[in-house]
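**Q** Take this structure, written in structure tokens, and hold onto it; I'll ask about it next.
The values are calculated or read from the model by the stated rules, or taken from the named source; none is laboratory data. Everything numeric here is computed off the predicted structure, so don't read it as measured data. All Cβ positions, even for glycine, are placed from backbone atoms using ideal geometry, and neighbour counts span all protein chains on display. Please note that ligands, DNA and RNA were not included when accessible areas were found on the heavy atoms of the full protein model with its side chains. Shrake-Rupley method; radii C 1.70, N 1.55, O 1.52, S 1.80 Å.
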Amino acid sequence: MITVTEEDFDISKTIEEATHPDVGAIVTFTGIVRDDGINGMEIDADEEPAMQELGRIREEALKRFDIKSLDIIHRTGRLSVGERILFIVCSAPHRKDAFAACEYTMDELQKIVSIRKRELT
């Protein structure tokens with residue numbers, strides 16, 4: 001699943017959906033607006049290109065690593081300190097591939113130009 005949304009997401013539900021009998025590890029990453037002396041963050045995305053870029057990252061991770069699923073949820077809009085921005089869920093038979101796929105996905109997400117972040121002071 002790949003989602004770009006203004007809505008918050010249900011972490012437990014997303015993890016539950018990644019759980020399968022052949023999965024021995026689920027690794028997650030949750031990005032949160034941190035208090036760096038800011039009031040929040042404005043996140044803007046060109047939705048269609050962002051979805052394509054996220055889909056490319058997902059497909060590449062599925063090819064590179066022995067994972068069963070990879071879900072990416074990225075929020076947009078005006079977010080306050082403490083709110084969730086991003087959620088990545090990688091499920092795999094073994095932990096090493098789950099960790100590697102999650103890290104690869106996060107690294108690649110940083111390169112996406114159709115998702116822009118602006119700090120609010």
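**Q** Explain nothing, just compute: Karplus ³J(HN,Hα) = 6.51 cos²θ - 1.76 cosθ + 1.60, θ = phi - 60°, for every residue of segment 92-101 in order, whole Hz, x for Gly and Pro.
**A** Result, ordered by residue: 7, x, 10, 5, 4, 5, 5, 5, 5, 5 Hz.
**Q** So what's the back-of-envelope 222 nm ellipticity for the chain, counting only DSSP H runs of four-plus at -39500 (n - 2.57) apiece and dividing by all residues, rounded to 500?
**A** Working: 3 runs with 41 residues, N = 121.
Taken over the chain, the calculation gives -11000 deg cm²/dmol.
**Q** Normalised by the empirical 2.2 N^0.38 Å for globular proteins, what value does the Cα Rg of segment 10-121 take? List each step's numbers first, then the result.
**A** On the way: Rg = 14.6 Å, N = 112, 2.2 N^0.38 = 13.2 Å.
Rg over 2.2 N^0.38 Å, computed on Cα atoms: 1.11.
**Q** To continue, here is another question. So, in nm, how far is label Leu120 from label Ala25 when the simple model puts each one 7 Å beyond its Cα toward the Cβ?
**A** 3.8 nm
**Q** How much accessible area per residue does the chain have, in Å², with a 1.4 Å probe? Could the numbers behind the result be given before it?
**A** Details: 6890 Å² over 121 residues.
Each residue of the chain exposes 57 Å² on average to a 1.4 Å probe.
**Q** Right, next: When you take every Cα atom in segment 1-76, what is the radius of gyration, and what is Dmax, the widest Cα pair distance, in Å?
**A** 14.4, 44
**Q** Which of the residue pairs Lys13/Lys96; Lys63/Lys111; Lys13/Lys68; Lys63/Lys117 have a Cα-Cα distance greater than 25 Å in the structure shown? Walk me through the intermediate numbers first.
**A** Numbers: Lys13/Lys96 23 Å; Lys63/Lys111 19 Å; Lys13/Lys68 17 Å; Lys63/Lys117 29 Å.
From Lys13/Lys96; Lys63/Lys111; Lys13/Lys68; Lys63/Lys117, over 25 Å: Lys63/Lys117.
**Q** Quick one: accessible surface of Asp35, probe radius 1.4 Å, all protein chains present, in square angstrom to the nearest 10.
**A** Asp35 exposes around 110 Å² with every protein chain in place.
**Q** When all C-alpha to C-alpha distances in segment 20-64 are sorted into bins of 10 Å, what percent of pairs does each bin hold, rounded to whole numbers?
**A** That works out to 18, 30, 33, 17, 1, in percent per bin.
**Q** Work out from phi, with θ = phi - 60° and the Karplus expression 6.51 cos²θ - 1.76 cosθ + 1.60, the ³J(HN,Hα) of each residue of segment 12-29, listed in order in whole Hz, and give x for Gly and Pro.
**A** Listing the rounded values in order: 4, 5, 5, 5, 4, 5, 8, 7, 9, x, 8, 9, x, 8, 10, 10, 10, 10 Hz.
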